[in-house]
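Here's the structure, in structure tokens; my notes come after.
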Number of protein chains: 2
Amino acid sequence: MNKIKPRTLSGFMELLPPDQVCFDTMMLNLRKSFSLYGFTPLDTPLMEASEILLAKGGGETEKQIYTLRKGDNDLAVRYELTASLAKYAALYYNDLTFPLRRYEIGKVYRGERAQRGRFREFYQADIDIIGDGSLDLMNEAEIPGVIYKSLTSLGLKRFIIKINNRKILNGFFEILGINELSTEVMRVVDKLDKIGEKKLSETLIDALGLTQTQVDGLLGFITNKTEPFGALDLYKGKNETFDQGTEEIITLRKYLSDLGVPETHYKIDLSIARGLDYYTGTVYETYLTDYPEVGAICSGGRYDNLAEHYTDRKMPGVGLSIGLTRLFYILQEQGLLNDSLLTAPADVLIIPMTEECSHAVKLATTMRESGLRVQIYSENKKFKNKISYADKLGIPFVVFLGEDEISKGLIKVKDMATGEQTIASYGILTAGILDKIKTQRKGEPVKEK
Amino acid sequence: MNKIKPRTLSGFMELLPPDQVCFDTMMLNLRKSFSLYGFTPLDTPLMEASEILLAKGGGETEKQIYTLRKGDNDLAVRYELTASLAKYAALYYNDLTFPLRRYEIGKVYRGERAQRGRFREFYQADIDIIGDGSLDLMNEAEIPGVIYKSLTSLGLKRFIIKINNRKILNGFFEILGINELSTEVMRVVDKLDKIGEKKLSETLIDALGLTQTQVDGLLGFITNKTEPFGALDLYKGKNETFDQGTEEIITLRKYLSDLGVPETHYKIDLSIARGLDYYTGTVYETYLTDYPEVGAICSGGRYDNLAEHYTDRKMPGVGLSIGLTRLFYILQEQGLLNDSLLTAPADVLIIPMTEECSHAVKLATTMRESGLRVQIYSENKKFKNKISYADKLGIPFVVFLGEDEISKGLIKVKDMATGEQTIASYGILTAGILDKIKTQRKGEPVKEK
């Protein structure tokens, strides 16, 4: 038979078992964190009619979307989760209760040219709160709480949530008299960290025609990062939108400590903009403190019309997206995955030392009933290979069951970490293993040095 | 703006929040059950090079596969999980430890014409044990244990695991002298339940040219369902393969009670065949006792060469697949989903009765830290609407926080199920709610009547 070379497509992350367990633990911890804030899980189809996915329209995205060759349908594969949510909220409007708090962790697809660290298939973990007609500011305040809880649940400690409000920026642009250029200006401002203040000034003046005074005002405002409330005070009372945004960010900030977000982990940053057209209120970007160069690991904000392509009904929302595959890739690259996480497929390996395995099987059944993950090693191999199997997989406990133990109603257990061997009754050893395993299972997927 | 009609493609299951929670609970319970048997999770890409997915080749399947229009790659979307596993085992052979026990719960795609109860996007939950060169019979014995544990973890009680061994059938066909027709004969035999014995006999004689004696022998053998070991005894010693299969099924059966599978839940059934070419040893089909007409809800068996398209290395395995979306659809149709399962997005809804919400937010934070899922209702609505929000979502507890309670350090809680209202200190009420919620969370997704 002609053989095929096995391969996985470039840009598709495929993990070995231990890394997969780590990735799954990340997803599980995120699900738990989202749940604590009252978000319900959704799982929308990966394929939709193209018109649904392209409703928002949009240049680059449209080029990257995968479409399908099948039958007479115009099908495409989702490239993010928001389009599906918009359709869902409009389609099931009558069956849903608003505000709707939902999360979805799912794969999305982008037909990009694959590069190192860029993925064609990747997980996004999205949370959104969708209102019907209106949505209280409290929802915007809660988002940093969810971010803080979610990221710390992964084991991350060193990150910073940057917060701004688009009303402040829009109002400020009106004050400066550059509101008609706001989209273009913000696109340039978004690059501040990359290009620096000098280049930023040049671009604003040369390409967009701003005056030196306007540029000075703008830079003074957005780079005033240490004490943004000073900058806010300076322009107070000059513009209604600006004042409203300022008031919102003050209210929001007040709740952050009540939500358990420490001052070390957030920052009001007036330079955060996030694509001018979509967001209308609070915006968020979260960075790893030690790796700012990888960009925001999660971001989002408040928007006014989720489902405008489907309905005249106003559905304002606030949401957030974590690029999970990319985050995992960075953590792996930086050696930040917790290598003491229990990633073995089993807690216990039972090695029967007799021809007849009934006792081994019964023991496995009892141990499984108590919640232990158990494998029985029954392959016809040398003893050395059997032990080596447990060792390679990192299975923490090996049970040997020979005639001698069986006749006495005992089991012999080897703790693979310490090498220590213990002989005791079934019940006592099972309880002892369960106890130790519970501690080992508590590990978080990330361990910062 | 021109509006688009929101729609989900036919054949794509999309669930409302309570049903989604139920479906997610099914997946979580399966993951836990698979883990108890030492299976590790994998998550392979949904897209692969077409040659990978079509390596096995095959008529109907090839017609149903979705391929993608993008760039110069020949990409396709997986229609089952086994092809991806075969590639994975061959590609990462050197990094894996065998036997490899893996499970994968993932979406697969088939471009069929959509019909009621047939899906174009659906979940499969697969488990497989892959050996390197050889694989002990014990692995085949353990599979019914996993099935039993998995299905009961969903809350299913009335199902039957039918077990056969392909060596018995192959040997028996040799004894009857019809081994050259075995594929065709088995395809007809697979329809026994549907077409009945009379029509089966006619087809075997008219279409396949069997003699009346051969048909009588065959029917006597495969329909001897009440005491299959009588039928096995009858042909003992006449064919080596047959005898080997008989021995295997006797050994396997011996371990079933040790594995905790009750006699009421399995049956040796000599008519179970499952596509003659692929399987080589034990085969399994599981039926819902009360709904045999929906067909097998999970099935699988032993095979000899998982990765033959990639390597000369022999990788025997045994596996099983559960058609999860279809199973959920049937359970939903038959009204077997547990409607007392806690599907609300939160355990507690906090309704602040004051302008200033700091106390409400702090209470939410404390409750979340204790493991409760909490929403704060902060929309500007009438009191009636706030209560109705909790009611519609099935949130079991509502906390009212007014000036009076705050000043006394108390909270007022309403148990939505009983209508009972309690006032007590934060700590006591949180503990009380946690206690009740733990019981409610224990529900299984399925509840048979």
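Can you tell me the dipole magnitude for region A:1-158 around its Cα centre, using point charges on the Cβ only (Lys, Arg +1; Asp, Glu -1), in Debye to the nearest 20? Working shown, then result.
Details: 22 positive and 21 negative charges, 204 e Å.
I would put it at about 980 debye.
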With the 8 Å Cα cutoff and a minimum separation of six or more residues, region B:358-449 has a relative contact order in percent of 20 percent
For region A:1-140, dividing by residue count, accessible area per residue (probe 1.4 Å) in Å² works out to 36 Å²
Karplus-derived 3J(HN,Hα) from phi for region A:348-353 (6.51 cos²θ - 1.76 cosθ + 1.60, θ = phi - 60°), whole Hz, x at Gly and Pro, runs 9, 10, 9, 10, x, 9
The relative contact order of chain B, taking Cα pairs under 8 Å that sit 6 or more residues apart, comes to a percentage of 17 percent
In degrees rounded to 10, the 0-90 angle between helix A:383-393 Cα long axis and the longest Cα principal axis of chain A is 10 degrees
Yeah, region B:405-447 with a ≥ b ≥ c from its alpha-carbon gyration tensor (a/c under 1.5 is rounded, else prolate when a/b outruns b/c, oblate otherwise) is prolate
With the 8 Å Cα cutoff and a minimum separation of six or more residues, region B:308-392 has a relative contact order in percent of 24 percent
At the level of C-alpha centres, the distance separating region B:62-139 and region B:267-326, in angstrom, is 14 Å
Carbon and sulfur atoms account, in whole percent of the 1.4 Å probe accessible area of the protein assembly as shown, for 47 percent
For region A:190-201, Karplus-derived ³J(HN,Hα) couplings (6.51, -1.76, 1.60; θ = phi - 60°; whole Hz; x for glycine and proline) come out as 3, 8, 2, 4, 7, 9, x, 5, 5, 4, 4, 4
Amide H neighbours of residue A:40 at under 5 Å, excluding residues fewer than 5 places away on the same chain, with H built from the backbone geometry, are A:101, A:102, A:103
With the charge dipole of chain B built from beta-carbon charges (+1 for Lys and Arg, -1 for Asp and Glu) about the Cα centre, the Cα from B:219, B:361, B:434 projecting farthest to the positive end belongs to B:361
CD proxy, 222 nm, chain B: helix-only mean residue ellipticity via -39,500 (n - 2.57) per DSSP H run with n ≥ 4, per residue, nearest 500, stands at -12500 deg cm²/dmol
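In region B:398-443, which GluC sites (Glu not before Pro) are in a loop and have at most 15 other Cβ atoms within 10 Å, using DSSP for the loop call?
Numbers: sites: B:403, B:405, B:420; in loops: B:420.
Passing both the DSSP loop test and the Cβ count: B:420.
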Given unit charges at Cβ for Lys, Arg (+) and Asp, Glu (-), the dipole magnitude of region B:239-299 about its Cα centre in debye, nearest 20, is 120 debye
In terms of the alpha carbon gyration tensor, root eigenvalues a ≥ b ≥ c, rounded if a/c is under 1.5 and otherwise prolate when a/b exceeds b/c or oblate, chain B is prolate
Of all trypsin sites (Lys or Arg not before Pro) in region B:271-370, the ones in DSSP coil with at most 16 other Cβ atoms within 10 Å are B:313, B:314
Restricting to lysines and to Cα separations under 21 Å from residue B:362, and discarding same-chain partners fewer than 8 apart, the set is A:32, A:149, A:254, A:267, B:386, B:408, B:412, B:414
Amide H neighbours of residue A:298 at under 5 Å, excluding residues fewer than 5 places away on the same chain, with H built from the backbone geometry, are A:286
In cubic angstrom per residue, the convex hull of the protein assembly as shown built on its Cα atoms measures 188 Å³
For region B:119-125, Karplus-derived ³J(HN,Hα) couplings (6.51, -1.76, 1.60; θ = phi - 60°; whole Hz; x for glycine and proline) come out as 10, 8, 10, 8, 7, 10, 10
Ordered by number, the GluC sites (Glu not before Pro) in region A:309-361 that occupy a DSSP loop and have at most 14 other Cβ atoms within 10 Å are A:355, A:356
For residue B:159, other-chain or 5+-apart residues with amide H closer than 5 Å (H placed, Pro excluded) are B:289
Given all pairs of distinct Cα atoms, region B:301-404 yields a Kirkwood Rh in Å of 18.2 Å
Sorting from shortest, the nanometre distances separating the label point of residue A:195 (7 Å past Cα along the line to Cβ) from those of the same residue in the other copies are 7.4
Projecting the Cα atoms of B:341, B:300, A:280 onto the charge dipole of the protein assembly as shown, where Lys and Arg contribute +1 and Asp and Glu -1 at Cβ, the residue farthest towards the positive end is B:341
Charge dipole of chain B built from unit charges on the beta carbon (Lys, Arg +1; Asp, Glu -1), centred at mean Cα; most positive-end Cα among B:75, B:260, B:29 is B:29
Computed over chain B: longest principal axis from alpha-carbon atoms vs helix B:240-258 long axis, angle to nearest 10 degrees, is 30 degrees
So the angle from the long Cα axis of helix B:358-369 to the longest Cα principal axis of chain B, reported in degrees to the nearest 10, equals 30 degrees
With a ≥ b ≥ c from the Cα gyration tensor eigenvalues, square-rooted, and the rule rounded for a/c under 1.5, otherwise prolate when a/b > b/c and oblate otherwise, region B:346-428 is rounded
Answer in debye to the nearest 20: the dipole magnitude of the protein assembly as shown about its Cα centre, from +1 Lys/Arg and -1 Asp/Glu charges placed on Cβ, is 360 debye
The alpha-carbon center of region B:170-204 and that of region A:188-239 are separated, in whole Å, by 82 Å
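The values are calculated or read from the model by the stated rules, or taken from the named source; none is laboratory data. Bear in mind the structure is a predicted one, so any value in this text is a computation, not a measurement. Methodologically, a virtual Cβ is constructed for each residue, glycine included, from the backbone with ideal geometry; neighbour enumeration extends over all protein chains shown. Keep in mind that these areas ignore ligands, DNA and RNA; they rest on the heavy atoms of the full protein, side chains included. Shrake-Rupley method; radii C 1.70, N 1.55, O 1.52, S 1.80 Å.
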